1. For the condition away from every other protein chain (no Cβ under 14 Å) and among the aliphatic types (A, V, I, L, M), what is the one hit in A:Leu79, A:Leu72?
2. Determine whether B:Glu199 is under 30 Å from B:Asp140 (Cα atoms) and exposed (fewer than 13 other Cβ atoms within 10 Å of the Cβ).
3. Select from segment A:19-46 the residues that are closer than 22 Å to B:Ser319 by Cα and among the hydrophobic types (A, V, I, L, M, F, W, C) and write down the one among them that is surrounded by the most Cβ atoms within 10 Å (Cβ to Cβ).
4. Against the definition (out of contact with any strand residue (DSSP E or B) (no Cβ under 9 Å at 6 or more places or on another chain), within 14 Å of another protein chain (Cβ to nearest Cβ) and either assigned to a helix (DSSP H, G or I) or on the phi < 0 side of the Ramachandran plot (or both)), how does B:Lys60 come out, yes or no?
5. Being assigned to a loop (DSSP other than H, G, I, E, B) and over 22 Å from A:Cys167 (Cα atoms), is that true of even one residue in segment A:114-125?
6. Would you mind finding the one in A:Ala202, A:Ala166 that is within 18 Å of the chain's Cα centre (by Cα) and touching a residue at least 40 places away in the same chain (Cβ under 8 Å)?
7. Among the residues of segment B:26-38 satisfying the criterion of being at pLDDT 95 or above and under 22 Å from B:Asp164 (Cβ atoms), which is surrounded by the most Cβ atoms within 10 Å (Cβ to Cβ)?
8. Just the residues that are touching a residue at least 60 places away in the same chain (Cβ under 8 Å) and either of a type in the set (Lys, Arg) or out of contact with any Pro (no Cβ under 7 Å at 6 or more places or on another chain) (or both), please, taken from segment B:28-57.
Amino acid sequence: MEDLRNKARELLAAKAVQVVVGYGRGTGASRRAVFIQSAAEAGELLFDNACRQNLAVYLMKPEVRKLGKMALVAIPATLRTILQLASENQIQDLELLALVPDASGAVTQLATFAAIEAHVVLQDNDLSAAEKGELQKYEIMGMEQRRQFWEEHFSRCLKCYACRAACPLCYCSRCTVECNQPQWIPVPAHDLGNLEWNIMRAMHLAGRCINCGDCSRACPVGIPLHLLNQKLISEVYTHFNSRSGMAAKADHAMSTFKPNDAEDFIR
Amino acid sequence: MAIETTSIKRETLEKLFSNWLSEGKRILAPKKLGDHVDFALVGSLAEVSLDQVQTVQSPKIAVFPRVEELLAFQSTDGNVQLRERDLAVLPETVIFGLRPCDAAAFASLKAIFDWDTPDKLFSARLEKITVVGLSCSRADEYCFCTSVGGGPGAAAGSDILLTDMGREDFLLEIISEKGRQAVRSVSAGLQPDAAMDKESRLARVTPAFTVEKISSVLAALFDDASFWEKQSLRCLGCGACAYVCPTCACFDIQDEGGASGKRLRCWDSCGFGLFTLHTSGHNPRPLQSQRWRQRLMHKFSYMPERQSVLGCVGCGRCSRACPVDMNMVEHMRAVAEAKP
């Protein structure tokens, strides 16, 4: 912890960055995002297993960007998000620093996309054993069962869009649900509106989601949105041998057109 | 009417449940659904979850559902026919086991829906609910009812208030005529209050701020952009807080269908950027900090000024539901301590 705080003090004092976005004390035992803008505040930084939010979501928030160059305390998913955002031309190299604390508390500073790529390949970026187990349970369901499964879960959806807000890759300034000429997705949180909203969001994240799980954690009514995304991650890996968030320049499985595509329908 | 205090055995309460159901009333109560507790229709007292601090959603769904039809329309050769809702078919509903904060929230909703032109649909639903509150024996770090005029055993808003006295005994306070009617079928089974010590069963919720202090600071704080920016930097602008809030009443109107269709009322939230976006493209609240300010100002300044009622009952749901831990008690404390 002291390494992280010292690193933040050093960066802020040297004006190498204007803000360190990290974790601090939250309600009860929880942790929350803190925005450290002076060396004197660096003592608020914490790092432990309760730090789970993917702070890369703040890379796309105008009010946070406005603060200046950012150092971001990064868990593995945060690093994948940075690379994915880079590959989608949303952030530029050298625009930010990543601070990666390890189990011992030592902090690695990654200043370039190349450095982040080199770090990310050393991580285990696959679904965890527990995630694979949960996905297998889902996959053994038949189509009808799956439909019922999602209808039941989506029946609780409030359309509060917490999933979208918490997702660092849902950065569109105008989301499809906000387009009403034509109205692609019904606004009301009724069965059809909820089904179309959640499926649309999952499809827009296919080949892009880096599996941080913040959508599910954000959902106030406990819809297992991560399952949709993990299913798509697994499909994209199987069919395209592609994993998102691994490189700052990448062809995306679901949004890259090649004239010599193997499929006929796309030509 | 004066509050009438009696006591009731759990088995009599069970009988009351079946009486309500046979009278054709629906019972909406906290129910364990997977790993969370939320309001759902129940068929017996056994289905009701009584020991959670709070449900995820608020019981406002009984009077202000997340989607509801306002009217149906049919256009034939330029003639538009409207079909209004038949208010008579709205179900009589007993809301059972809601907390005193939630019971108090109906007054805030009513103040909004009755403002200027009373909302017929809302009023019809409100008339058909019977509110059976349950005092809180536990609170958590998100609760702040005592800072906004409520309390873990407060009667306001309930028709009947129960307090679990342990050993299958409940203290039963009859607060309104509606409440008296609701327990009439078991009146023989109501015991006189045997000096039950209600206070000893209640959660302790320490006041964190005073409404007087908040109101005196808020108006002057409106223009302090840096205060609101600092307060809302981690807010991501979703609608979770508004949708679980028992008093948030903003809605959007959507027409569905072509020549023949329905006009629907759907929840909306001032946290969304789209909420105030004008057709011209201009947005008077382009920043999340302004939207966060609006949320607090509306509840703690505009509603008390215009409707003489607070827009917050201290249930803490907004803070529990927030994906980034925006904790309302802390924010209100910061307002109280601000030097505008």
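1. A:Leu79
2. Answer is yes for this residue.
3. Step by step, filter segment A:19-46, then rank; the result is A:Val21.
4. Spelling it out, B:Lys60 is indeed out of contact with any strand residue (DSSP E or B) (no Cβ under 9 Å at 6 or more places or on another chain), within 14 Å of another protein chain (Cβ to nearest Cβ) and either assigned to a helix (DSSP H, G or I) or on the phi < 0 side of the Ramachandran plot (or both).
5. yes
6. A:Ala166
7. Here is the first cut: in segment B:26-38, the residues at pLDDT 95 or above are B:26-32, B:37-38.
The next check asks that each one be under 22 Å from B:Asp164 (Cβ atoms); those that pass are B:27-32, B:37-38.
Details: B:Ile27: 23, B:Leu28: 21, B:Ala29: 24, B:Pro30: 27, B:Lys31: 17, B:Lys32: 14, B:Val37: 20, B:Asp38: 21.
Going through the qualifying residues, I end up with B:Pro30.
8. Hits for segment B:28-57 are B:Ala29, B:Pro30, B:Leu50, B:Asp51, B:Val53, B:Gln54, B:Gln57.
The values are calculated or read from the model by the stated rules, or taken from the named source; none is laboratory data. Keep in mind the model is a prediction, meaning the values are calculated, not measured. As a convention, Cβ positions derive from the backbone with ideal geometry for all residues, glycine included, and neighbour counts pool all protein chains shown.
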